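*Asks:* Let me give you the structure first, and then I'll get to my questions.
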Amino acid sequence: MSVSQPAIGRPAAPVDERVARGGSFRRLLVRPEMGALAGAVAVWLFFAAVAGRNGFLSLAGTATYLQVAAELGILAVAVALLMIGGEFDLSVGSVLGATGMIVSVLAVQLNWNIWLAMAAALAFALVIGFFNGYLVLRTGLPSFIVTLGTLYIIRGATIAATRLLTGRTQIGGLDKAPGFDSAKAVFASTVSFGGASFSISIVWWLLVAAVATWILLRTSFGNWIFGCGGNVQAARNVGVPVDRVKITLFMATAAAACLVALIQAVTFTGSDVLRGDGQEFYAIIAVVVGGTLLTGGYGSAIGALLGALIFGMVKQGIVFARVDADWFQVVLGAMLLIAVLINRFVRDRAMRA
Amino acid sequence: MHPTNGRTPLIEVQNISKQFDNVIALEDVSMSVYSGEVMCLLGDNGAGKSTLIKILSGVHQPTRGTFLFEGHPVRFASPRAALDVGIATVYQDLAMIPLLSISRNFFLGSEPTLGWGPFRRFDIRTADRVTHDELARMGIQLRDTAQPVGTLSGGERQSVAIARAVHFGAKVLILDEPTAALGVKEAAVVLRYIAQARARGLGVIFITHNVHHAYPIGDRFTLLNRGRSYGTFKKSDVTREEVVQMMAGGEELDSLSAELAEFSRTDLST
């Protein structure tokens with residue numbers, strides 16, 4: 001058997017004198033979401049100092065930025081898994097708009113039960129997700145290009161079809177649809193806490209992030225996601241069902257967009273053909289700020305949750321700080337660049353740890 | 001050791017040919033590998049080594065010829081089918097995922113699980129323990145199996161890939177240029193693990209164009225040149241120099257040294 005080993009007990013590990021001692025603290029530092037956690041704390045402290053007296057620190061203020069963070073966060077968490085798996089999806093914003101409109105058209109114009117309309121919207125989202133994944137795998141084109149195409153196809157079709165069917169681009173009156181009350185309880189209710197009302201979307205956000213984290217870190221499927229994004233050929237060689245993993249991720253991303261669409265449609269009791277416009281880029285920013293690599297194979301769902309939290313705090317914090325909200329996009333872009341630089345640093349450290 | 005004495009080879013191919021459209025990549029090649037031996041497949045670039053191992057590992061199907069596994073004719077539809085009978089291939093660059101931890105890499109595609117139904121989960125504790133123990137059996141001591149594979153050296157990465165193949169019950173281990181990109185010490189480390197795999201009864205097919213890596217470890221050598229086989233030689237029947245000569249095509253080397261001699265003369269005269 002073993003050739004040059006001491007026979008008794010476990011042989012002592014040969015210690016390489018060039019390897020510095022690295023403890024669990026070091027290992028904690030190289031977790032992908034650590035930069036985002038530090039960033040979230042820094043952003044919170046900043047706005048607490050600048051806008052604390054204007055209501056940023058109040059429970060009501062907290063509730064507003066958490067709601068913004070929640071709606072983006074649901075998308076971002078799903079996009080994070082997809083990006084770790086090595087693909088992009090730019091069509092999430094237009095899927096959000098399309099599915100919201102499907103619910104409103106079916107429930108308001110055709111008087112369907114709202115739950116049935118929602119099931120139809122979800123089915124539509126899953127088909128789009130499958131189609132995105134199938135097209136990417138079948139053509140071998142970058143998913144960035146394929147989903148850029150589906151982004152415009154879906155958005156355009158949503159606007160054109162809605163106008164053709166209803167003559168309008170906005171549909172209201174969802175609150176009169178059969179089954180609305182139960183739908184409102186699930187997707188748009190609020191929980192009062194200390195006089196402030198917290199949106200139930202926050203619960204959905206945390207739930208989606210928890211499930212995604214569990215899948216990513218505690219299931220075989222999660223390991224396959226890392227494998228597909230890290231080195232697709234190596235993953236194939238050891239028998240990972242790459243096509244199934246990627247198509248599932250595209251479908252999950254579209255389903256997350258549909259969930260946000262349902263929350264918004266019920267909250268606003270109607271839909272707009274332009275809803276979700278630009279969300280695909282906000283989601284990617286939240287994911288990257290959360291420590292996920294654009295090249296795939298590395299990242300976390302918790303990071304995406306924190307990235308969305310930072311997004312929400314900055315977006316609302318600027319309002320609380322009484323700075324013109326136009327500056328938000330400047331801050332957002334700068335944050336993205338800083339995050340990418342930090343991520344690169346963290347990844348290099350991880351490879352040397 | 002005489003592995004050929006009345007035993008059935010693990011893998012035997014007879015008069016294999018492979019044609020891609022009108023390009024003949026492999027013509028009439030025969031070779032075999034027995035349990036507990038290292039069979040070196042030698043040849044220069046373009047000799048047909050890659051085509052042959054892709055046939056052996058199930059990536060390609062031969063155009064003509066017989067492929068026997070443990071004496072039975074087989075035809076693999078995919079690399080997975082070859083893997084399932086125990087033919088594991090370790091590719092030079094494509095063995096590991098750098099940012100993924102060692103134990104996650106080790107079990108990628110074959111994760112141990114706990115629980116059932118929607119609550120079936122990746123048993124990381126078992127993965128860590130088995131990875132640590134399997135690598136220790138190959139003589140690799142790890143501080144932490146949770147560190148990314150990217151922190152390992154090239155030789156250690158190849159070794160982890162070999163340990164993985166051994167753990168998952170490989171009978172035949174095909175190593176595609178495992179020492180090509182490595183320094184001298186690193187290559188020695190990998191050669192040691194190849195010897196360990198042989199000691200554990202595997203049949204190893206070691207593909208290389210480096211005779212200095214092949215000769216010390218090989219039991220038999222099959223030489224390919226321009227898609228054809230020069231035959232298989234036992235180590236006792238051939239010297240290192242003869243192998244080098246055959247690999248490069250002896251005449252070409254002779255004319256090269258003549259040419260080089262010509263150059264040095266020109267240098268002197270200027």
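Just so you know, all these numbers are worked out from the coordinates, no wet-lab data involved. Note that the structure is predicted; figures quoted are calculated from it, not measured. Glycine gets a Cβ as well: all are built from the backbone with ideal geometry, and neighbour counts include every protein chain shown.
*Asks:* From the square roots a ≥ b ≥ c of the eigenvalues of the alpha-carbon gyration tensor of the protein assembly as shown, which class results: rounded (a/c under 1.5), prolate (a/b over b/c), or oblate?
*Replies:* In terms of gyration-tensor shape, prolate.
*Asks:* May I ask for the angle, rounded to the nearest 10°, between helix B:124-137 and the longest principal axis of chain B, with both axes built from Cα atoms and the value confined to 0 to 90°?
*Replies:* Tilt relative to chain B: about 40 degrees.
*Asks:* Normalised by the residues of chain B, what does the relative contact order come to in percent, with Cα pairs under 8 Å and at least six apart? Spell out each step's value before the answer.
*Replies:* Values: 490 pairs, mean separation 69.7, N = 270.
Once divided by the residue count of chain B, the mean separation gives 26 percent.
*Asks:* Let me ask something else. Rounded, prolate or oblate, given the Cα gyration tensor of region A:117-169, with a/c below 1.5 counting as rounded?
*Replies:* oblate
*Asks:* Starting from the amide H of A:Tyr298, placed 1.01 Å from N in the peptide plane, find each other amide H under 5 Å away whose residue is 5 or more places distant or on another chain.
*Replies:* A:Leu293
*Asks:* Can you list the aspartates and glutamates whose alpha carbon sits under 19 Å from that of B:Lys171, skipping same-chain ones fewer than 8 residues off?
*Replies:* Partners found: B:Glu12, B:Glu37, B:Glu70, B:Asp84, B:Glu134, B:Asp219.
*Asks:* Which order do peptides A:309-317, B:40-48, A:81-89, B:145-153 fall in by mean Cβ count within 10 Å, highest first?
*Replies:* Highest-to-lowest ranking by the protection proxy: A:81-89, A:309-317, B:40-48, B:145-153.
*Asks:* Hey, with R₀ at 22 Å, roughly what FRET efficiency would B:Arg226 and B:Leu68 work out to, going by the Cβ-Cβ distance, to 0.05?
*Replies:* With a Förster radius of 22 Å, E is 0.30.
*Asks:* Let me ask something else about it. Within 10 Å of each residue's Cβ, count the other Cβ atoms and sort B:Tyr193, A:Tyr134 from fewest upward.
*Replies:* By the 10 Å Cβ count, ascending: A:Tyr134, B:Tyr193.
*Asks:* To continue, here is another question. Considering only DSSP beta bridges where both residues belong to region B:87-244, give the percentage that are antiparallel (nearest 5).
*Replies:* Here the antiparallel bridges make up roughly 50 percent for region B:87-244.
*Asks:* Of B:Thr208, B:Thr232, B:Thr113, which has the largest mean-square fluctuation in a 10 Å C-alpha GNM of chain B?
*Replies:* Looking only at B:Thr208, B:Thr232, B:Thr113, the largest GNM fluctuation is found for B:Thr113.
*Asks:* Percent relative contact order of region B:31-85, based on C-alpha pairs within less than 8 angstrom and at least six residues apart?
*Replies:* Contact order relative to length: 26 percent.
*Asks:* Ok, one more. So for chain A, averaging the separation of alpha carbon pairs under 8 Å that are six or more residues apart and normalising by length, what relative contact order in percent results?
*Replies:* 35
*Asks:* Straight-line reach from A:Lys184: which lysines fall under 23 Å, measuring Cα to Cα and dropping same-chain residues less than 8 apart?
*Replies:* Candidates past the 8-residue exclusion: A:Lys176.
*Asks:* Going by alpha carbons, how many degrees (0 to 90, nearest 10) lie between the helix axis of A:143-166 and the longest principal axis of chain A?
*Replies:* Around 10 degrees separate the two axes.
*Asks:* Further, regarding this structure: In degrees, nearest 10, range 0 to 90: what is the angle between the Cα axis of helix B:154-167 and the longest Cα principal axis of chain B?
*Replies:* Approximately 60 degrees, to the nearest 10.
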